[in-house]
Amino acid sequence: MYLNYYNLKAKPFQINTDPRFLWLGEKHQEAMAVLRYGILDNKGFLLLTGEVGTGKTTLIHGLINALGDDVIIANVPDPGLETMEFFNYIARAFHLGNGFKGKYEFLSIFGEFLNRAYDEKKKVLLVIDEAQRMDQTLLEEIRLLSNIEKKSTKLINIFFVGQAEFNGIILESRNSALRQRITVNYDLGPLSQKETDRYIRHRLKVAGTQARLFKAGAIKEIHSFSQGYPRLINVICDRALVTGYTNGAASISGAVIRECAAEMRLHKRGGQKEPARTPEAIALRRRTSPYLYVLLGVLILIWIGIAGYVYTPETLKKITGRFLQPDAPPPGTAISQPMAVSAPAPVELPASVELKIEETPAAPPLATEPEALPPEEIQVVFDRDIPQHVAFDDDNNLSAEGFKTLDKLAKVMLNDPALEIIMKGYSKGLGSYRYNKKMSEFSANIVKGYLVGKGVHPSRIETMGVLLGAEERANAAGDEKEIRWVEILIRSE
């Protein structure tokens, strides 16, 4: 529709995974490097998490294409399968057939395949997308696959790719054995506004033009709408190009993006989909819209004029006085003095709790509403000066006290949608500088995943891995156990 108008050879903002349009931002490049290192160094289990639309699937395809012929790859796009269905699926993907009726038969053939690949100096990679869809039984069976080793060398790399709630799944105590085997972990975040601009320009260039079709104001509105998620960037940019074409615009402005964003946020009753509109219908609506706005403005002015004429100050005084003034008592009736009512004593609230006063009394809470936290528990979670400390136990499982703190924090964040937090992960003890850095990030990400599983939107949680100072690392060098913890801070406004 708009290709010839904008001198494009292909649609630049399709949401498929065309490798021609692959563009890696700073976070994507780092994720690609970390995961590629994990595969080539036979790290065993790898984990990539991120929200819907962050580009996980695109990154997987780019990573697979970047690996050489010495890596044998099988990709499972949907692991919502029974155990033998899963085994037969990966057997067929690795060209081993798919007629296995039992686990023993599959493991025998699969073990021979892995040993043969090792002898031929090839690596085997199993990619499991949408990992959060796996049930507990299959997750345990996949963990056991990693036990197939030769000379203390992993014969298969298993790459989990999933949404943030998968972190909450592996955080469960029953999955501690799996969690301890994940040596490479990366949480993929959205693009910045600058990266959004570069992303759009790259896709337009691949599609055939180097013209700046999207103005600076449009880029700002696109990032505001999409929050940097590539999938939403593609969706709104494609819609904006259709709108620009029907309007005869040479480039896309911020106003066009705002209009498209408003149209995309519309919700139809009963789940009905918005009927498809042709370019001619859209153009007709745009031609008639100004006249409708003028007519609406005239009607508003007429209403204001009538109201100003009828409801003069004297008229308003008579009307309000009629209802507000008490009726006069009958002649000869004694008027008693009003009873004095003492005001209730003020209630002391924690300094960090904001008190909102409404003009009308609030209705009693429904039985289905979540139970409100007592003020003392809110104070524990909301102390902005002292970070909350969430510790892991000796087996690197989240402690019982840590679960209680996170449950309280989830309730408070659900009650206050504007609240945002920062999670800083720490790790000390065993391992190298790079290992401790990744483990600290991993700790923060799995705690984030727990809150996301409780219903907190991931965009409200920022995670980072923090390395200890040189002196602290030196003191921890002789520790026999790895110690990990997460500090949670309220983001300052």
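The values are calculated or read from the model by the stated rules, or taken from the named source; none is laboratory data. The structure presented is a predicted model; accordingly, all values stated were derived computationally and were not measured. Calculation scope for accessible area: heavy atoms of the full protein, side chains included, ligands and nucleic acids excluded. Shrake-Rupley method; radii C 1.70, N 1.55, O 1.52, S 1.80 Å.
Arg491 accessible area, nearest 10 Å², 1.4 Å probe?
80 Å²
As a test of reading the structure, rank Tyr450, Tyr2, Tyr37 by solvent-accessible area (1.4 Å probe, protein chains only), most first.
Final ranking, largest accessible area leading: Tyr37, Tyr450, Tyr2.
When the accessible area of the range 71-171 is split by element with a 1.4 Å probe, what percent falls to carbon and sulfur?
48 percent
Past 31 Å, Cα to Cα: identify those pairs from Lys11/Lys437; Lys194/Lys448; Lys408/Lys438; Lys43/Lys408, in the order given.
In this structure, Lys11/Lys437; Lys43/Lys408 lie more than 31 Å apart at Cα.
Probe radius 1.4 Å, ligands and nucleic acids left out: which of Lys121, Lys103, Lys56 has the largest accessible area, and how do the rest follow?
Ranked list, largest accessible area first: Lys121, Lys103, Lys56.
Using the alpha-carbon centroid of each, what span in Å lies between the range 1-64 and the range 179-225?
11 Å
Leaving out ligands, DNA and RNA but keeping every protein chain, what accessible area does Asp135 have, in Å² rounded to the nearest 10, with a 1.4 Å probe?
70 Å²
Against the empirical 2.2 N^0.38 Å scaling, what ratio does the C-alpha Rg of the range 142-226 come to?
Rg over 2.2 N^0.38 Å, computed on Cα atoms: 1.76.
Using θ = phi - 60° and the Karplus relation 6.51 cos²θ - 1.76 cosθ + 1.60, list the HN-Hα couplings for the range 120-136 in order, rounded to whole Hz, with x at every Gly or Pro.
So the J values, rounded to whole Hz, are 8, 6, 10, 9, 10, 10, 10, 9, 10, 7, 6, 4, 5, 8, 6, 8, 5.
Quick check: with the 1.4 Å probe, what order do Ser146, Ser173 take by accessible area, largest first?
So the residues, ranked largest to smallest area, are Ser173, Ser146.
Quick one: 3J(HN,Hα) in Hz for the range 4-14, Karplus 6.51/-1.76/1.60 with θ = phi - 60°, rounded, Gly and Pro as x.
Values per residue, Gly and Pro as x: 5, 4, 9, 6, 10, 9, 8, 6, x, 10, 6 Hz.
Once you sort the root eigenvalues of the Cα gyration tensor of the range 1-140 as a ≥ b ≥ c, which label holds: rounded (a/c under 1.5), prolate (a/b larger than b/c) or oblate (the other case)?
Prolate.
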